[in-house]
Amino acid sequence: MDDQQNPVVLVFLSKRSNRNMSKTIIISAAILLALAVAIGAFGAHALKEKLTSDLLDIYKTGVQYHFYHALGLLLIGILSMQMPSTLLNWSALLLGLGIVIFSGSLYVLAITGIRWIGAITPIGGLSFIAGWILLFLAMLKK
């Protein structure tokens, strides 16, 4: 089954379901922003005395990028309400995926000390970059 026949891909990328997609993006952003606050607070209070300064810095970097990109996701959701775009939908997906991979791998690395997990962090960074480039391209098309 290719992407043209896959119902999940069609619903996610379809302009016809844009109102639902915008709502999904905004809800996802709200959840990710709430998680960023909770994860940041957990680090500031529960982990501050348990982690080395190096690992705490890694954790903080994960939280910062989590916040930045969740705010970007919120922006994309708002934009997609006004300007339906497959590129905006893909941009949102890539930013969300980037949060999970980039920030998630930094959280795991900091909490467990398992350094090899950091090898996947750049994949999340590439996802962020691709998401921002797609936002740029979506704005060029409008």
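All of the numbers you see were taken from the coordinates with simple rules; none came from a lab. Remember, it's a predicted structure, so these values are computed and weren't measured experimentally. Cβ sites come from the backbone with ideal geometry, for glycine too, and all protein chains shown count toward neighbours.
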Q. Residue by residue, what Karplus-based ³J(HN,Hα) values in Hz, rounded to whole numbers, does the range 80-90 have, using 6.51, -1.76 and 1.60 with θ = phi - 60° and x for Gly and Pro?
A. 5, 5, 8, 9, x, 7, 4, 5, 5, 4, 5
Q. Suppose R0 equals 25 Å; then what is the FRET efficiency for L140 and M81 from their Cβ-Cβ distance, rounded to the nearest 0.05?
A. 0.85
Q.
What lysines does K60 reach when the alpha-carbon gap must be under 19 Å and sequence neighbours fewer than 8 apart in one chain are set aside?
A. K48, K50
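Using 0.36 nm per residue, how much length does the chain from E49 to V100 gain when fully extended, once their Cα-Cα distance is taken away? Write down the numbers at each step before the final one.
Details: separation 51, 0.36 × 51 = 18.36 nm, distance 2.52 nm.
Answer, rounded to one decimal: 15.8 nm.
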Q. Across the range 61-71, in residue order, what do the Karplus-derived ³J(HN,Hα) couplings come to in whole Hz, using 6.51 cos²θ - 1.76 cosθ + 1.60 with θ = phi - 60° and x for Gly and Pro?
A. 4, x, 5, 4, 5, 4, 4, 4, 7, 5, 5
Q | Extension gain from L126 to V37, taking 0.36 nm per residue of separation minus the Cα-Cα distance | A | 29.7 nm
Q: Could you state the angle between the C-alpha long axis of helix 18-42 and the longest principal axis of the C-alpha atoms of the chain, as a value from 0 to 90 degrees rounded to the nearest 10?
A: 10 degrees
Q: Only Cα pairs under 8 Å and at least 6 apart count here; give the relative contact order of the chain as a rounded whole percent.
A: 26 percent
Q. When the dipole is taken about the Cα centre of the chain, and only Lys, Arg (+1) and Asp, Glu (-1) are charged at their Cβ, what size is it in debye, to the nearest 20?
A. 400 debye
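Counting each DSSP H run of 4 or more residues in the chain as -39500 (n - 2.57), what helix-only mean residue ellipticity at 222 nm follows after dividing by all residues, to the nearest 500 deg cm²/dmol?
That comes out to -25000 deg cm²/dmol.
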